[in-house]
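Take a look at the structure below.
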Amino acid sequence: MHKPSQKISRLVATTAIAATVLAAQAPNVLAVTQPHPDQELNQEAVKKQLQVEGVEQLENGVKLNLSSDQNAFIRLFSEDMAKVSIIKEGEEEYFSEAISKKEWDTPSFDVSEEKGEITLTTDEITIKIKKEPFGVKFLDKAGNVINEDYMQNGSGYDGEKPYVYKKTTEDEAFYGFGEQSGLEVNQRGESIGMFNTDAYAYGTDTKYLYTSIPFFIGLKNEKAYGMFFDNTNRSYFEMASESDDYYYFYADDGTLNYYFMYGPEIEDVLDRYTELTGRMDKPAKWTLGLHQSKWEYSAEDIERVAETYREKEIPVDTMHFDIDYMDEYRVFTWSDKFGDEALHQKLDAMNFKKITINDPAVKKDPGYFMYDEGTANDYWAKNPDGSNFVGEVWPGESMFPDFSKEEVREWWASKHDILFDKGIDGVWNDMNEPAVFDGPYHTMPLDVTFGEGENKRTHEEYHNLYGHDEAEATYDAFEMYKPNERPFVLTRDMYAGSQRYAALWTGDNVSEWDHLEMSLPMNMNVGLSGVPFVGNDIGGFAGRPDAEMFARWIEVGAFLPFSRIHYDSDKKAEGKKQAQEPWAFGQEVEDISKKYIEMRYKLMPYLYNAFIDAAEQGTPVQQPLVYQFQDDENTYNVSDQFMFGKEMMLAPIVEEGQTERDVYLPEGETWVDYWTGEEFDGGQTITTEAQLDHLPIYVKKDSMIPTREVQQYTGEKPLENLVLDTYLNEKATYSFYEDDGATLDYKDGEYNVTDLEVKRKGKHIEFKKKEKATGYDTDLESYTLKLNGEEAPKRVRAAKAKYKEVSSVEEVKSTQESFFYDNEEQALYVNVPADEKHKVKIFFNGKKDKAGKSDKKK
Ligand code: MIG
């Protein structure tokens, strides 16, 4: 059960700390301001209720004539998704840039009307529309109410402000809303605002962050639904913050339209939501490696840091180039030092990938090609009087490309050859709120305009889309210049649907413990908002961590979907010369960093497969426990543990000085301590010790985790031997996807899917595999089945072939049809050739039937 009172007191405490920290460490804090205070709804206005005066059946739903010259459209997009719009007479139904799928096959449905109620029924849901007053109720097949309007206020417009009130009960939990501050994953009780903001050194209670995703998931009675309020204006969500009986959401302007999608599983909701707004592409494998970055690395620093990684054999894939690589902050230029071919050749020779930052603002500088071309072609955002808007950012007075125009996006995309020709592999979009130093509220005035004619929009309406459209333009650059490569765009700002183009990092966090703690619920909610590829600056951006904090942070950071160490310039860190590379905190922390970074690289096949699920179904990579265990209410408020993919649960230490913590083990699984092999029943809280080098990890019993040898960078070595790290009770399965991890050839069928299964059959264990897709020319020669916690076998064979016993792990990995029993580890390794046609059977001495055995801790 969620207790808002606790949350409030905690927030008060952390706010005080954050304020001291900022004063002490970050003197250049930019004031985080909003154009105006939160606009509240007029309570009298929202009590006026709409009445249905006429009903008209549509091809995919109904149109209702409402009082006060408004119409409601309720359209069925699928059996389990409906769009509700209320629009003023003469206005059109609205779709923002978030929507990637507009054409849906209408599901079969019935419409009936009786006793003042109109009913729409599909195979999955029933929608009941009350006529007087107008109100909408969604029910499941069995007649359970999943979501309904709060009839005292209902929905409609307060002047220009569209609003919707919904009924709730105390036990309803809320997730999603994109990037949110705070230490709790469950957003019940929160007042949420959405207006993309450059929130340098934000705190645990900062309301407006960089990204706006007006989507959330409601969960009640173990049933989940999704709600997407597609409105790009500044919007507000009062999630039972005022009363336990209702929640409501509204915007400063724009139309009232929302999509309701029924689960009952959270997984189903996300699948449908990402069908509507799009999914991330299959990522290039290198993007899943470690990234290293700092604001104000010199060209020499970049080279030295890259070399040090290789010397110390700490795996890493990518170096980032922050704004200093440009010629006086002119976008799409190189300074002499950073543009030096020798630097690029060195990095390339060390097999580094390279990412450059890019800002939207173009220096107002006649003679500079970007300025000249943009001005000649009328590409800039405009003041209300039609003149070009000029604002200060890093290059000084600057122009802002109007990314709402397709020709501007194309032009922007076309400039990326300047980056790509130096071998740049990925592009990082910063400042795309857009941030304007001398803007009235750190962005442009709300009456600046974008687009022309029919497509003209004010900044007020367009603000939350600026980053989205810049990300699209950047993404298009890859299609233009690297047509068969998987794009990588990293962005600070998003709107719903931006996952189609970019990964997200959560901006300028702070080297403070509560930021480490906050990163978990923040990422989990981003993941539940359709954006699986998310990460936070490891070690914190603003300020500097101490050794302990960095160690704990890298333990989490090595398991972030997007894993990047990045930190603020020394100027801002006021005298603190502490660097933030893994070796900057002494040997102990270097060893800890290496251990966990190596683990990430070892888990690369598993991580890559988690991303394949993300690309195919919108599955988050870093999942809150509730995502997989929504039948266990004890998971609803767990904010400091997460599932890393399907099988592994992490319970990191996120508090200073702690060397033990409680861990909740969800019901319905047996959990294996990854380090000791000790087993625990689910449905209990245990206490575990965790010295500085120890990250508590639990693996599901009956799971199989594909791993490989550590590489210094992804792609260093072909994947010839896949190690299946298996925790077997009765049966473990894994559907293993493989492709080249770099190109779009998978779209032509160049991928493999192999179903792997290990099963206990009385006294023996059987391993089999089935090839589901075989379009990719794999390097895989063998699988090493690693069975944890088993006894020494008597023999291993496949049909008539007898597998031979060898004497080390190394030997078994390189010898086909072999096995090795590691006494100390109590693990059995079996090498199965990739082309093994038969079941592999492992026989034991037969003293003990292990099926059903249990030495679990209760
Ligand atoms: O006004 O490019 O969030 O990651 O290092 C600061 C310099 C601009 C903010 C980004 C940060 C980046 C920094 N940028």
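Estimate the FRET efficiency between residue 69 and residue 34 by the formula 1/(1 + (r/R0)^6), using the beta-carbon distance for r and 30 Å for R0, to the nearest 0.05.
With R0 = 30 Å, the Cβ-Cβ based efficiency is 0.40.
Per q in 0.05, 0.06, 0.09, 0.11 1/Å, what log10 I(q)/I(0) does a Debye calculation on the alpha-carbon atoms of the chain return?
Ignoring solvent entirely, the Cα scatterers give -0.28, -0.41, -0.93, -1.35.
Strictly over 19 Å apart at the Cα level, which of 731/763; 353/813; 731/769; 422/482; 83/166; 759/786 would you flag in this model?
Distance filter (> 19 Å) returns 353/813.
Please state the relative contact order of the chain as a whole percent: Cα pairs under 8 Å, 6+ residues apart?
10
Can you sort 261, 280 by how many other beta carbons sit within 10 Å, fewest first?
280, 261
Within the chain, what percent of beta bridges assigned by DSSP are antiparallel, to the nearest 5? Display every interim value, and only then the final one.
Working: 157 of 191 bridges.
Roughly 80 percent of the beta bridges in the chain run antiparallel, per DSSP.
Once the Cβ-Cβ distance between residue 337 and residue 375 is put in as r, and R0 is 25 Å, what FRET efficiency do you end up with, to the nearest 0.05?
That pair, residue 337 with residue 375, gives E of 0.30.
Residues with amide H under 5 Å of residue 736's amide H, sequence separation 5 or more or different chain, H placed in the peptide plane at 1.01 Å from N; which?
754, 755, 756
What is the distance, in nm, between label points placed 7 Å from the Cα along the Cα-to-Cβ direction at residue 112 and at residue 763?
6.2
Roughly what would the spin-label model give for residue 383 and residue 148, points 7 Å off Cα along C-beta, in nm?
5.5
Pop the C-beta distance of residue 838 and residue 678 into the FRET formula with R0 = 25 Å and round what comes out to the nearest 0.05.
Working: r = 35 Å, r/R0 = 1.38.
Computed FRET efficiency for residue 838 and residue 678 comes out at 0.15.
I'd like to compare 623-634, 478-489, 52-63: which one has the highest average count of other Cβ atoms within 10 Å, and what's the full order after that?
623-634, 478-489, 52-63
What value, in deg cm²/dmol to 500, does the helix sum -39500 (n - 2.57) over DSSP H runs of n ≥ 4 give at 222 nm once divided by the residues of the chain?
Dividing the helical sum by the residues of the chain leaves -6000 deg cm²/dmol.
With viscosity set to 1.306 mPa s and temperature to 10 °C, compute the Stokes-Einstein D of segment 197-305, Rh being the Kirkwood radius across alpha carbon pairs; µm²/s, no decimals. Please list the in-between numbers first.
Details: Rh = 17.7 Å.
So the translational diffusion coefficient is about 90 µm²/s.
Values in this text are rule-based calculations from the coordinates and carry no lab data. Owing to the predicted nature of the structure, the values given are computational and were not obtained by experimental measurement. Counting neighbours? That spans all protein chains shown, and the Cβs are built from the backbone with ideal geometry, glycine included.
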